[in-house]
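Structure, as structure tokens:
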Protein chains: 2
Amino acid sequence: MGRRTRSVQVDLGERSYPIVLGEGTLDALGEAVLRHTKASAAAVVTVPPVGRRYAARALRSLRAAGLRAHRFEVPDGDATKNLRQVARLYDAFLEKGLDRSAVVVALGGGMAGDLAGFAAATYLRGLAFVQVPTTVLAMVDSSIGGKTGVNLSQGKNLVGAFHQPRLVWIDVATLRSLPVRQRAAGMAEVVKAGAIWDAALFERLEALGERLLEVEPELLLPVLERACAIKAEVVAQDEREAGLRMLLNFGHTLAHAIEALKRYRGILHGEAVAIGMVFAAERSEALGMSPAGTAGRLEALLARLGLPTQPPDFPRRAYLSALRVDKKRRDAHIRFVGLRGIGRAETVPLTPAEILPPRSGRPRSRATSTRKGRA
Amino acid sequence: MGRRTRSVQVDLGERSYPIVLGEGTLDALGEAVLRHTKASAAAVVTVPPVGRRYAARALRSLRAAGLRAHRFEVPDGDATKNLRQVARLYDAFLEKGLDRSAVVVALGGGMAGDLAGFAAATYLRGLAFVQVPTTVLAMVDSSIGGKTGVNLSQGKNLVGAFHQPRLVWIDVATLRSLPVRQRAAGMAEVVKAGAIWDAALFERLEALGERLLEVEPELLLPVLERACAIKAEVVAQDEREAGLRMLLNFGHTLAHAIEALKRYRGILHGEAVAIGMVFAAERSEALGMSPAGTAGRLEALLARLGLPTQPPDFPRRAYLSALRVDKKRRDAHIRFVGLRGIGRAETVPLTPAEILPPRSGRPRSRATSTRKGRA
């Protein structure tokens, strides 16, 4: 380890847990897992590209701490984040004789965490769970808050459970092996945290710009820590997504529709979120919620990170139908998350047709769209 | 309704809920569901024999209370309490457009409750859930405490979640259509409640004997209420089965092995539990935990209810191997539940081989078995 670690607490009463950030901390995983669980065995669930690089170190550390440790692989990619893979994990856990004294350790990005977390939530009615996120997106977003689950063919994350981890253990050094496109996509969630909650963070991101894509721990750790703290704060105030937590869905309503329409192929979650955020900010301006220029600032920052900001070209009726299976729908309305300005968000109940006004041929519907023309 | 209802509270903080017992109360289900959930739609999940008799009344009552109500059927029997049926429910829920404002209502026995409850726990990361048990077993045992789940081919209830219902709504009149064999099997769990927790209840059961198999509300309601109260008390003290709640597994270690060996065919859960309880009581005597005669009293009462008390004839190694996948196993030991006498139970860590001593050719191994001979 060497360098000191930073720690953020997720305050959920008896289910509280720390997010620990550091550099080179993967080799200290075993002790940490032991300290935060009473586990005697560990099921490390990973995907091939991550497992190849880091599983051996994780297993070594767990074994050095006295745990029986096994490695399980699931295929990479959101397309196989499904019930079949969960069922395969159940079988593999049983084959290794894992019982309630085992902890499931997710080593990888959001997909590995969601899938392994759901298996942990449901195998033998729930095992202890530890997140070891190796992508920016997982570090600041998906590993925190206990949302686990899988996709159905009808839509994303339609099946799942709230199952809080006992520990989120972040080694930023693992980001070095992450393709820059993935790092950028994860930064979209950091940008989101600033946009909905913390104007100061947003300004800091604007100041850093492209440098956010380098893995420079001195630069990155404070930014990631702040994004983790925002997520932790929102989750602590609303664990089960009854209200406040919905703000974290900023940009996600359209993002889920885009992902579904593209069948989760050719676009990363963070990229879809980047597009969805710009769209949501534009809608916020059009609805008179936020001052002019808000969407432009957001779009400029995301573009500097190399992220897409324009929705792919599907017919409006395809978008409408994709929006209708969005699980945040409550009766006919979707709780659409809009901005009041940089650093402040709120939900507005809108129907899919209000989200996508009929006159626009595509989801894009800037306040100024009539002058800019349409694709 | 007419007659007054009885109510037992399951005290779990913000997850507390009532168990309401009455006669003819099915027609008041809708109001009750509305009072205890904020649901605007209801998914009534049932099995064909129960649905045929009671679904129309349940749906009518729910609709009269203003809920959109849909009926979903799953095949009857423990053999199809599996992930495939859960996946079918997800698809059917999606097809009806059910969102987080819906409540899942399980109408049926333990199987329907476990399966529907697991779907409720995991669809959209959790919907409100109401139990309407129509078997004795479900009324006093499986509908209370939030255990939901399904079987894998490797064993029973290996996948699941703790998901407390908002309400358990019991209409004892539904027992009139239940075959007497099923009523008797359910009474095994009532006997269990007395055996592990309440000698006075046990004596009352001994006094009633065969009359417990008639559906005589004046007789039955107080007995069922007391059994529900015992379950509620144990669950309230230990929701996640960290300790005390394991006492409810009295008789279940062997019962699960028997069910697995018989592939869940030809034996009812309560019948397997009856056999398992007599076996566990005999082992308790043999281990010097309980006074001589305890197992005999238990066996006599169960026999009066027409329940089997002798284990089916499988080789010892088959039993051992079945015991090893029992999910209560913790490392090499199983937390075996023994009796200290009628009305008092405790767990003892035993290996499968200690539970089934090698000299007995079958699980039966009374303290006096050397003199009685073996099969």
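Only the coordinates and a few stated rules stand behind these numbers; no lab work does. Please read these numbers as outputs of a predicted model, since none were measured by experiment. Cβ: placed from backbone, ideal geometry, glycine included. Neighbour counts: every protein chain shown.
Observations on the model:
- Here chain B is assigned +1 on the Cβ of each Lys and Arg and -1 on the Cβ of each Asp and Glu. Its dipole about the Cα centre then comes out at about 840 debye.
- With helices as the sole contributors, chain B gives -12000 deg cm²/dmol at 222 nm; each DSSP H run of n ≥ 4 counts as -39500 (n - 2.57), and the sum is divided by every residue.
- Euclidean distance of C-alpha centroids, the stretch A:29-48 and the stretch B:100-163, integer Å: 30
- Cβ-defined net charge surrounding A:THR148, 11 Å radius [Lys, Arg +1; Asp, Glu -1]: +2
- Taking every residue in A:98-106 and counting other chain Cβ atoms within 10 Å of its Cβ, the average works out to 2.
- Modelled label positions at A:ALA79 and B:ARG15, each set 7 Å beyond Cα in the direction of Cβ, lie 3.8 nm from each other.
- Database remark: amide H of B:VAL130 closer than 5 angstrom to the amide H of B:VAL104, B:VAL105, B:ALA106, B:ARG166 (H placed geometrically; neighbours at sequence offset of 5 or more, or on other chains; Pro and chain starts carry no H).
- Solvent-free Debye calculation, one equal scatterer per alpha-carbon of the stretch A:240-359: log10 I(q)/I(0) at 0.12, 0.22 Å⁻¹ equals -0.39, -1.38.
- Net dipole in debye of the stretch B:194-372 [+1 Lys, Arg Cβ; -1 Asp, Glu Cβ; about Cα centre; nearest 20]: 1040
- Restraint check, A:LYS81/B:LYS192; A:LYS192/A:LYS262; B:LYS192/B:LYS262, Cα-Cα greater than 32 Å: A:LYS81/B:LYS192
- Alpha-carbon Debye profile of chain A, log10 I(q)/I(0) at 0.06, 0.09, 0.11, 0.13 Å⁻¹: -0.21, -0.48, -0.72, -1.00
- Student exercise, the protein assembly as shown dipole from Lys, Arg, Asp, Glu Cβ charges, in Debye to nearest 20: 1400
- Computed label-point distance, nm, for sites A:ARG4 and A:GLN237 using a 7 Å Cα→Cβ extension: 2.9
- Sorted from nearest, the other copies put their A:GLU95 label points 3.4 nm away, the label point being 7 Å from Cα in the direction of Cβ.
- Cα gyration tensor category, rounded, prolate or oblate, for the stretch B:6-178 with a/c compared to 1.5: rounded
- Residue order, fewest to most surrounding Cβ atoms within 10 angstrom, among B:LYS81, B:LYS38, B:LYS96: B:LYS38, B:LYS96, B:LYS81
- With its label point defined 7 Å out from Cα along the Cα-to-Cβ axis, A:SER177 lies at 6.0 nm from the matching points of the other copies, in increasing order.
- Mean partner shielding of peptide B:123-130, defined as the number of other chain Cβ atoms within 10 Å of each residue Cβ, is 4.
- Cα shape, the stretch B:194-271, gyration tensor, a/c 1.5 rule: oblate
- Among A:ASP76, B:ASP141, A:ASP313, the ranking by other beta carbons within 10 Å of each residue's beta carbon, starting with the fewest, stands as A:ASP313, A:ASP76, B:ASP141.
- Amide hydrogen proximity for A:GLY341: with H placed 1.01 Å from N in the peptide plane, no residue at 5 or more positions away or on another chain lies under 5 Å.
- A label point on A:SER321, set 7 Å along the Cα-to-Cβ line, lies at 5.0 nm from each of its counterparts in the other copies, closest listed first.
- Other residues with beta-carbon under 10 Å from the beta-carbon of A:SER177 carry, at +1 per Lys or Arg and -1 per Asp or Glu, a net charge of +3.
- Ranked packing of A:252-261, B:217-226, most packed first, by mean Cβ within 10 Å: A:252-261, B:217-226
- Peptide A:157-164 has a mean shielding of 5, counted as Cβ atoms of other protein chains within 10 Å of each residue's Cβ.
- Summing charges over neighbours of B:ALA345, with a neighbour being any other residue whose Cβ is under 13 Å away from its Cβ, gives +4 when K and R count +1 and D and E count -1.
- Unit charges at the beta carbon, dipole of chain B: most positive-side option, B:ALA92, B:LEU320, B:LEU124: B:LEU320
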